[in-house]
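Input: a single structure, listed below in structure tokens.
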Amino acid sequence: MRLADLASQLNVDAGASADTRITGFAIDHRKVAPGNVFGAFQGAAVNGEDFIPAAIASGAIAVVARPEARVEGAVHLADDTPRRAFARAASLYFRPTPDTVVAVTGTNGKTSCVEMTRQIWRMCGERAASIGTLGVTTPDESVSTGLTTPDIVTFLSNMTGLAREGVTHVAYEASSHGLSQYRNEGLPVHAGGFTNLSRDHLDYHSDMDDYFAAKMRLFTEVVDEGGTAVIWADDEWSGKAIEVATRRGLKILTVGEKGKGINLIARKPSPLGQELKFVHGGKAYAIRLPLIGAYQVANALTSAGLALATGTDPDRVFDAVSRLQPVRGRLERAAISVSGAPVYVDYAHTPDALAAAIAALRPHVNGRLITVFGAGGDRDTGKRKPMGEAAAAGSDLVIVTDDNPRGEDAASIRETVMQGAGYAARNIGGRRDAIAAAIAEAGSADIVLVAGKGHEQGQIVGSGDDMKVLPFDDVAVARECAAQLAAESTR
């Protein structure tokens with residue numbers, strides 16, 4: 001690709017460098033190689049424009065930056081919204097891309113939806129992958145870990161790599177940060193899914209309306225013209241999402257009890273899952289979903305909607321839904337205690353998500369529901385007390401512990417959570433100790449829920465240069481604690 005080809009797309013004159021070949025794109029000046037295009041963006045803590053000279057010294061031939069940025073020795077690809085311009089420019093370079101792409105946004109359920117959509121496609125015979133919080137999951141089930149929404153260069157590079165490996169279908173998570181920072185732009189998106197909206201990331205967004213607007217970029221700008229919006233219809237924000245998608249002229253496929261595309265008629269919990277009855281296209285279906293919890297129904301049917309929106313046969317889609325496997329760290333049964341109590345691990349880290357996970361387990365509890373959770377440091381402090389309230393409202397025993405304290409005092413975080421949970425709750429700082437205490441407490445009719453970290457493999461302590469990521473996996477720790485208690489009981 002020549003620089004002139006790129007410059008013409010941005011309505012900029014490449015000058016004498018017009019015939020120079022582009023070798024790649026970079027947003028980190030330390031990763032710039034000769035022939036690269038460098039993206040210089042203003043961030044909350046760092047201004048990428050400060051590193052333009054270093055990027056040019058390393059061989060950058062062009063810089064995408066604001067018009068007022070100072071660029072000497074390279075072509076200045078100026079734009080008032082440089083993140084968006086850089087994303088669109090990079091999308092011209094990274095080719096090919098998979099034929100069928102869908103994206104999912106919302107506060108909770110994104111990870112489950114993209115992974116379930118991948119599973120449905122795979123069971124229907126497609127070579128499918130997913131990109132999100134769990135990383136990149138390929139058709140052979142291999143996973144490389146990553147961020148919910150990687151930077152635009154990594155995102156597009158992953159897409160091109162998957163396409164070259166023969167992947168034709170990809171589902172990816174579209175977070176509010178990623179959408180507002182143009183980190184998942186530039187390739188055709190056939191359908192977008194909206195799961196729900198509740199308080200989260202208000203340390204980044206000014207208020208809930210700003211948070212919602214960031215999510216809605218998926219429908220207003222990212223999904224293709226004539227594409228489909230798949231919307232879980234039973235959330236309080238669903239009506240607004242439908243309005244946004246309708247104004248854009250997208251096709252609408254709603255899902256849920258209020259859904260018209262997939263109309264959920266009945267849901268009955270069973271020991272290992274739930275029985276569902278719903279209608280699609282005038283045809284009634286009755287299936288067994290091998291997952292517990294109302295929100296898993298929402299995730300599974302939204303995923304089915306995305307598969308339908310991309311042309312997959314309905315009967316095959318719903319047969320695949322009946323064979324879905326649990327998603328890592330999403331109501332994942334980690335262990336069975338020596339008393340026979342199951343221990344579930346879930347990623348719930350917002351008040352609504354915690355309440356949903358508790359509600360999912362409640363129909364299966366014959367004794368007590370014991371909930372272990374904490375709140376992250378250096379994040380939205382306003383959700384800590386409501387998380388405590390949600391846990392206390394639905395649990396029989398609450399144990400407040402550490403999550404990822406980061407740069408804050410862990411005891412202070414727990415104290416704020418305890419204000420919501422009430423002082424009948426237990427305060428146990430060490431997360432391993434808290435999990436062990438819950439499992440030791442659980443009787444044969446009880447269920448233990450360990451919430452907040454889900455699939456995460458580490459615990460973040462400290463910040464800046466003092467930050468450490470200590471190895472910690474809730475699933476592994478729960479199994480170790482259960483095994484240790486079992487061993488002790490035989491002595």
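Rolling a 1.4 angstrom probe over the protein heavy atoms with all chains in place gives the chain an accessible area of 41 Å² per residue. Calculate I(q)/I(0) for the range 29-150 by the Debye formula, one identical point scatterer on each C-alpha and no solvent, and give its log10 at q = 0.17 Å⁻¹ to two decimals. So the normalised log intensities work out to -0.92.
If you look at the Cα atoms of the range 208-288, you get an Rg and a Dmax of 14.9, 44 Å. Our analysis of the range 226-361 gives Rg over Rh at 1.00, with the two radii drawn from alpha carbon positions and Rh computed by the Kirkwood formula.
Relative to the longest principal axis of the Cα atoms of the chain, helix 431-441 runs at roughly 30 degrees. Over all other residues within a Cβ to Cβ distance under 13 Å of R362, the charged ones net out to -1, with Lys and Arg as +1 and Asp and Glu as -1.
Net charge dipole, the chain: roughly 1140 debye, given to the nearest 20, about the Cα centre with Cβ charges of +1 for Lys and Arg and -1 for Asp and Glu.
Note on S444/R66: beta-carbon distance plugged into 1/(1 + (r/R0)^6) with R0 of 56 Å gives a FRET efficiency of 0.30. Calculate, for T20 and R248, the FRET efficiency according to 1/(1 + (r/R0)^6) with r their C-beta to C-beta distance and R0 51 Å; round to the nearest 0.05. Result of the calculation: an efficiency of 0.85. Projected label points at A286 and S463, each 7 Å from Cα along the beta carbon direction, are separated by 5.6 nanometres. Annotation: Cα Rg of the range 369-491 relative to the compact-globule expectation 2.2 N^0.38 Å equals 1.06. Solvent-accessible area of the range 1-111 (1.4 angstrom probe, protein heavy atoms only): carbon and sulfur portion equals 45 percent. Assuming charge only on the beta carbon of Lys and Arg (+1) and of Asp and Glu (-1), the dipole of the range 271-427 about its Cα centre is about 360 debye to the nearest 20.
For the chain, the longest principal axis of the alpha carbon atoms and the long axis of helix 208-217 meet at an angle near 60°.
Near T160: Cβ cut-off under 14 Å, other residues only, Lys/Arg at +1 and Asp/Glu at -1. The net charge is 0.
Extension gain, D99-D80: 0.36 nm per intervening residue step, less the Cα-Cα distance, totals 3.7 nm. Over all other residues within a Cβ to Cβ distance under 10 Å of R431, the charged ones net out to -2, with Lys and Arg as +1 and Asp and Glu as -1. Full extension of the chain between E257 and C124 gives 45.3 nm of extra length, using 0.36 nm per residue less the Cα-Cα distance.
Mind checking the log10 I(q)/I(0) for the range 320-392 at q = 0.19, 0.21, 0.25, 0.27 Å⁻¹? Debye, one equal scatterer per Cα, no solvent, two decimals. Each listed q maps to, in turn, -0.87, -1.01, -1.23, -1.32. Atom-type composition of the exposed protein surface of the range 403-491 places 50 percent of the accessible area on carbon and sulfur (1.4 angstrom probe). The stretch between L272 and D378 holds 34.4 nm of extra length on full extension. This uses 0.36 nm per residue minus the Cα-Cα distance. Look at where the Cα atoms of the range 20-93 and of the range 356-391 average out, and the two centres are 44 Å apart.
Using only the alpha-carbon atoms, how far is helix 384-394 inclined from the longest principal axis of the chain? Give it as 0 to 90 degrees, nearest 10. It is inclined by approximately 40 degrees. As a fraction of the 1.4 Å probe accessible area of the range 338-381, surface on carbon and sulfur atoms comes out at 48 percent.
In the list (1) 203, 67, 38; (2) 134, 66, 36; (3) 79, 58, 40, the label attached to Cα extents along the principal axes in Å as derived from the coordinates here is (3).
Listed by chain and number, the lysines whose C-alpha is less than 22 Å from the C-alpha of K283, apart from same-chain residues fewer than 8 away, are K251, K258, K260, K268.
Under 1.5 on a/c is rounded, so check that first for the range 375-435, then, if it is not, pick prolate when a/b is larger than b/c and oblate when it is not; a ≥ b ≥ c are the square roots of the alpha carbon gyration tensor eigenvalues. Cα axes put the range 375-435 in the oblate bin. Calculate the FRET efficiency for D5 and R491 from the Cβ-Cβ distance with a Förster distance of 51 Å, rounded to the nearest 0.05. In this case the efficiency is close to 0.10.
The values are calculated or read from the model by the stated rules, or taken from the named source; none is laboratory data. Note that the coordinates shown come from a computational prediction; the quantities given were computed from them, not determined experimentally. When we count neighbours, we look across all protein chains shown, and the Cβ atoms used for this are built from the backbone with ideal geometry, even at glycine. Protein only, heavy atoms only, side chains kept; ligands, DNA and RNA dropped before computing areas. Shrake-Rupley method; radii C 1.70, N 1.55, O 1.52, S 1.80 Å.
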